[in-house]
Amino acid sequence: MASRAIGSILDMSAAALDAFWETNTRSTLLLTRRFAQQRVAAEPGPTSRPGERLGRAAPSGTAAPSDPATAPKVVWMTSGQEAGPMRGEVAYATSKAALAGVTATVAAELLELGVVLNTVNPGPVNTGYLDPGTTDRPLAELEELRAATPFGRWGEPTDPARLIGWLVSPAGSWMVGQRLTTDGGFGLQ
């Protein structure tokens, strides 16, 4: 997306919603589906119903519980839409809220396959979109917001990466189906 701040509800169009849905939500769900399919011994038969429990399957196709320390991990990325308004970002917030909202459902289904899913809200992490030369937001507004953050800075990619690294490690393996925020206290303002 060239511009994250695509517009308010009054600016919304089907094309804007579709673009964010395709980029943030549909692609994540389909990639997760493809990853999970590697854990299924065989495709569901014609008598299977959507959502029917599959039962646990080891990679060899034999039923077996997983070891949480070595279970395959999936981490989705969401945003701060649950913490408060994201004015002017309706399409973006909608696409990320869908992932946050379906986390428990997909995590329960994946767990039957021995796959662990969690969702992370990284908070305001500057991946370049907050730099003066690349942002589509007013610089004075960004500076005011940055100065008001508890640590006086934007997050850096390594900040949420530490949580994600823990989640996929044996130490974080008991965490399943959670929506976690790592925002340096930004949501507490």
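The values are calculated or read from the model by the stated rules, or taken from the named source; none is laboratory data. All values derive from a computational prediction rather than experimental measurement. Every residue, glycine as well, gets a Cβ built from its backbone with ideal geometry; the counts of neighbours run over all protein chains shown. Surface areas here come from the heavy atoms of the whole protein model, side chains and all, with no ligands, DNA or RNA. Shrake-Rupley method; radii C 1.70, N 1.55, O 1.52, S 1.80 Å.
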Distance in nm between D67 and Q178 label points, each 7 Å along Cα→Cβ, equals 2.2
Heavy-atom accessible area of E143 with all protein chains present, probe 1.4 Å, nearest 10 Å²?
90
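Counting heavy atoms of the protein chains only and a 1.4 Å probe, report the per residue accessible area for the range 114-159 as a whole number of Å².
Details: 2410 Å² over 46 residues.
Accessible surface, normalised per residue, equals 52 Å².
Looking at the square roots a ≥ b ≥ c of the eigenvalues of the Cα gyration tensor of the range 93-189, which shape do they give, rounded for a/c under 1.5, prolate if a/b is larger than b/c, or oblate?
Details: a/c = 2.70, a/b = 2.03, b/c = 1.33.
Taking the square roots of the gyration eigenvalues as a ≥ b ≥ c, the range 93-189 is prolate.
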Within the range 92-130, backbone nitrogen closer than 18 Å to the virtual label 7 Å beyond the Cα of V40 toward Cβ:
105-117
In nm, to one decimal, how far is the modelled label at L188 from the one at S27, with both set 7 Å along Cα→Cβ?
3.4
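Can you tell me, using C-alpha contacts under 8 Å and at least 6 residues apart, the relative contact order of the range 131-189 as a whole percent?
On the way: 23 pairs, mean separation 22.7, N = 59.
Normalised by residue count, the contact order of the range 131-189 is 39 percent.
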Taking the Cα centroid of the range 107-178 and of the range 11-27, what is the distance between the two, rounded to the nearest whole Å?
21
